[in-house]
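A short write-up of the structure that comes next.
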Amino acid sequence: MQKIKLTETIKIDGISIAELTLRRPKVRDRLAVERLGTNDAEKEVALIANLADIPKDAVEELDLADYAKIQEALQGFLLPLNPTT
């Protein structure tokens, strides 16, 4: 899991959220968003919503700087846990 501190808080069900916790994605998460058949941006929003356990419309309210931090975290999940050189 990775915590991302938000620059701009978002509201979910009237509660201000200043930090999101993303769990590591699994293959089933990737398959679930692929089944949506939408464009890549919408698939990414759906994946983030699923990993952070928040509604998709909350992801859409994120500041772009915060969204970029989350995208960076997603990319980090794709790297090996124990890289070998």
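Summary of computed values
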read-out: Residue under evaluation residue 16, criteria (1) closer than 18 Å to residue 2 by Cα; (2) at pLDDT below 95; (3) assigned to a strand (DSSP E or B), criterion not met; value: (1)
read-out: Of residues in the stretch 50-71 being more than 18 Å from residue 16 (Cβ to Cβ) and free of Cβ contacts under 8 Å to residues at least 12 places away in the same chain, the one surrounded by the fewest Cβ atoms within 10 Å (Cβ to Cβ); value: 64
read-out: Scope the stretch 31-65; condition within 17 Å of residue 1 (Cα to Cα) and not in a loop (DSSP other than H, G, I, E, B); matching residues; value: 47, 48, 49, 50, 51, 52
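The values are calculated or read from the model by the stated rules, or taken from the named source; none is laboratory data. All values derive from a computational prediction rather than experimental measurement. We place every Cβ from the backbone using ideal geometry, glycine too, and count neighbours over all the protein chains shown.
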